[in-house]
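Only one structure is covered here, and it is reproduced in the block below.
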Amino acid sequence: MGLIRIGTSGWSYPSGKGTWNGLFYPPRAAKGFDELRFYAEHFDTVEVNATFYGQPRPEVARSWVERTPSDFEFSVKLYQKFTHPRMFKAAALARAPGNEGALLELLAQVTRADIDEFRRGIDPIARAGRIGALLAQFPPSFKKDAVSTDYLASLLRAFSDYPTAVELRHASWSDDVAGTLELLNGFGAAWVQIDEPKFRLSIRQNFLPNVQTFYYMRLHGRNAAAWWHHETSEDRYDYLYSAEELQPIVEMAGAAKQLVRKLYLYMNNHFAAKAVVNATMAKHRLGEPISGAYPPELVERYPAIQPFVIPATSRPSRTLF
């Protein structure tokens, strides 16, 4: 039976309609309040999203290690240049509107220097033995063909000394299950199992482990109406799984746990701390210990967790004495 770790995708959502402030964290962070330290009182792993938007920096990674318990693990998402070249080019163009045409194409090409920079950035986590996995999340437009297969193989080769999980979302990868498994298994990479709204060209998965070393599952929510059409990107993740919806998912996770050495389950439905709630519900249903005190604001908003969490006494007492 393998070890299971359950957490959320990211830990800091300070702004927007779906902020965690005022629910999981104080409305306005008090001086000295550390979101990561507080998060680590409740979960033993987190999926780092910040590294998708910018190359990791060693000093920042070192501070993450220092602010969390020695058994806390980080799964780290690869920088967008490795998986989302169009998004990278758009961000580069926004920073410097003059970088167009051939120069922009050149900027989007992954180099050895890019790989080395990412490796240096996460080295403090690796040296501490605190890396869960590297997450290579590809966009729905990443289709299976000779070019993409060769590129994925080269990326896995470049990070072959880390446990790597690959999230593929286009149906062409599941249409050729044998070919996809041959590629991933050859590098010992876990095929990320995802729960999200399904469309005509969405990948189809059976939620079975493909390697014995580890299993990686991500829950994005099922907000199909806002998936492609939304006012802000956070609206896509405005979804709370009910206990009934979670049950078959945790049953699959429980079964997979019997077949692998370690299992990671991350909730990415982060809007208004719903990921925290569903991660806690999943821990409870899988018999994992519930740690840390939960703010009363969160428990009042999501009463489903009330029976099995310890409420924090963060509000002033209304008694006379």
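For the reader, a short list of remarks on this structure follows.
- Using the Cβ-Cβ distance between residue 37 and residue 229 with R0 set to 51 Å, the FRET efficiency works out to roughly 0.85.
- Where labels lie 7 Å past Cα in the beta-carbon direction, separation of residue 57 and residue 255 in nm: 4.6 nm
- Taking the DSSP bridge list for the chain and keeping only pairs wholly inside it, about 5 percent are antiparallel.
- Using the rule -39500 (n - 2.57) for each DSSP H run of four or more residues, divided by the residues of the chain, the 222 nm mean residue ellipticity is -10500 deg cm²/dmol.
- Residue-span extension gain [residue 147 to residue 161] - 0.36 nm each, minus C-alpha spacing: 2.7 nm
- Bins of 10 Å, starting at 0 and running to the largest distance - Cα pair percent for the chain: 5, 25, 35, 25, 8, 2, 0, 0
- Within a Gaussian network of the chain (alpha carbon springs, distance under 10 Å), most fluctuating of 252, 267, 281: 252
- 3J(HN,Hα) along the range 202-216: 6, 5, 10, 9, 9, 6, 8, x, 10, 9, 7, 5, 7, 10, 9 Hz, from the Karplus curve 6.51 cos²θ - 1.76 cosθ + 1.60 with θ = phi - 60°, whole Hz, x for Gly and Pro.
- In this structure the chain gives 48 Å² per residue of accessible area when probed at 1.4 Å with all protein chains present.
- Note on residue 65: accessible area is roughly 30 Å² with a 1.4 Å probe, heavy atoms of protein only.
- Applying the Kirkwood pairwise sum to the alpha-carbon positions of the range 98-239 produces a hydrodynamic radius of 17.0 angstrom.
- Each label point was placed 7 Å from the Cα along the Cα-to-Cβ direction; for residue 185 and residue 71 their separation is 3.3 nm.
- P(r) histogram, all alpha-carbon pairs of the range 172-220 included - 5 Å bins from 0, percent: 5, 21, 29, 26, 15, 4, 0
- Highest-first packing order for the peptide set 168-174, 254-260, 145-151, 232-238 is 168-174, 232-238, 254-260, 145-151, based on the mean count of other beta carbon atoms within 10 Å.
- Taking the 1.4 Å solvent-accessible surface of the chain as the whole, the part contributed by carbon and sulfur is 55%.
- The GNM of the chain, with springs linking C-alpha atoms under 10 angstrom apart, assigns the highest mean-square fluctuation among 209, 27, 139 to 27.
- Highest mobility in the GNM of the chain, judged by mean-square fluctuation with C-alpha springs under 10 Å and restricted to 179, 132, 121, is found for 179.
The values are calculated or read from the model by the stated rules, or taken from the named source; none is laboratory data. Only a predicted model underlies this, so the values are computations on that prediction, with no experimental measurement involved. All Cβ positions, even for glycine, are placed from backbone atoms using ideal geometry, and neighbour counts span all protein chains on display. All accessible areas refer to the heavy atoms of the entire protein, side chains included, with ligands and DNA or RNA removed. Shrake-Rupley method; radii C 1.70, N 1.55, O 1.52, S 1.80 Å.
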